[in-house]
Structures are given as C-alpha cells and as structure tokens.
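Structure first, then comments.
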Amino acid sequence: MRKFFGVLLLLLFALRTCAAEAQPKIDDFYQSIESNIREQYEEFLKSSESERQRKKKAGEPPLTADQSKEGMSAGRFIIYNRTILTVLCAEQTARTAQSANFDEVEKCFIDKRDQMNKYLKLEEYAGTLGAEKFTRCQIKTRNFTDEIRFPPYGFLRDPTGYGPKLYHFDELNECILSGL
C-alpha cells in the first residue's frame, strides 16, 4: 500500500501545478493504475485459494457456493472502495493543501477507510437492525457520481457484469445508527 501512496504523491505534485485540470488528471491517473489494482486483486485470489487448500488439508468443510460467491464479492468491494477512497483523497488534498503532502493523503485515506471498516462491522447487525433500514441507508448514501466517474475495472465486476458500489461511508454509518 505504501508503494501505491508513493505513486499518489507524485500525482499530487502534478495536480498542484495544474489545479484547473485536476479532474482530468485524476481521472487519467485512475485509469493508469489498473495494473496495480489487478495485482492486488490477484493477491486476494491467491490468498483465497491458499485458505481453501488449508481448510481442505485440515479436513474442514469447504465453503458453500453462496459463501464463496459472497467472499469474492466482498473482496472486490473492498479493493474497489479502497482504491477510490485513495484516489479521492489525493484529489481532495491536491485541491486544498498548500503543498502536496503524502501525510495528508494518508490521513484522509485512513479516516475514510476506518469509516468503511465500521460499515463492514455494522453489516454484521443487519439482521438485528433491519435489512430494510440498511437498504434505505445504502440507497440514500450511495456515491453515484464517483461510481460513474470511476467505474470498476472489468476484473472487479461480478460474472453478471455488475460492479461493487461506492458509498459515502460516514453518512451511511450515521444513517444506520440513527434512532438507536
């Protein structure tokens, strides 16, 4: 991940020099990092396969087809969201900071990542809090603008062609927890 942030720092310098063209530059950057993200995805696949082999050797029951599908979907969701959060933090930092600053991008990313992780933990309570509430909050806080701007790479789409969704996780968490 540090390598990825290093590349983003270089991008920050480019963005700072040409603020009026920041959106096209960050959009181009997103397209240019596809191979790096593919490597992360392939590492995820290798890790998943290693876990399957470990379970098999240990005599543990394999995952059901639904569990396997859910796990793959979750992996694609996390990789895609983590990528977009990082790209958006780089863009935000380039527009607001006095100078391009790796620490600012990293802080922004960590804050946003923590909100995403909180949401992933809250999902464990969907049955208790109500699936309908989760769905309403997801619809309300979905980040359609950036989903369109930064569509998931083809390899992050599921077999039906649908890709992971982006959310404003801070707003999503607030919505889920409202009324408790």
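So here's what we get for this one:
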| read-out | value |
| --- | --- |
| 3 or more residues modelled with pLDDT of 95 or more and within 18 Å of the chain's Cα centre (by Cα): qualifying helices (runs of 4 or more DSSP H) within the range 101-159 | 102-122, 131-141, 144-149 |
| Checking Ala126 against (1) closer than 30 Å to Glu39 by Cα; (2) touching a Lys or Arg at 6+ places or on another chain (Cβ under 9 Å); (3) among the aliphatic types (A, V, I, L, M), the condition it does not meet | (1) |
| The one condition in (1) surrounded by fewer than 11 Cβ atoms within 10 Å (Cβ to Cβ); (2) at pLDDT 90 or above; (3) among the aliphatic types (A, V, I, L, M) that Leu45 fails to fulfil | (1) |
| In the range 162-176, the residues that are surrounded by fewer than 16 Cβ atoms within 10 Å (Cβ to Cβ) and under 18 Å from the mean Cα position of the chain (by Cα) | Tyr162, Lys165, Glu171 |
| Residue list for the range 77-119, filter: surrounded by 15 or more Cβ atoms within 10 Å (Cβ to Cβ), among the charged types (D, E, K, R) and over 16 Å from Ile33 (Cβ atoms) | Glu104, Glu106, Lys112, Arg113, Lys118 |
| Positions within the range 125-161 being touching a helix residue (DSSP H, G or I) at 6+ places or on another chain (Cβ under 8 Å), surrounded by fewer than 16 Cβ atoms within 10 Å (Cβ to Cβ) and over 21 Å from Arg82 (Cα atoms), in sequence order | Ala126, Lys133, Arg136 |
| Close pairs from the range 113-131: first closer than 16 Å to Thr141 by Cβ and in contact (Cβ under 8 Å) with a residue 40 or more places away in the chain, partner loosely packed, with under 12 Cβ neighbours inside 10 Å and of a type in the set (A, V, I, L, M), Cβ under 9 Å, at least 6 apart | Leu129/Leu180 |
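The values are calculated or read from the model by the stated rules, or taken from the named source; none is laboratory data. Worth saying up front: this structure is predicted, and the values here are computed from it rather than measured. Virtual Cβ from ideal backbone geometry, glycine too; neighbours counted across all protein chains shown.
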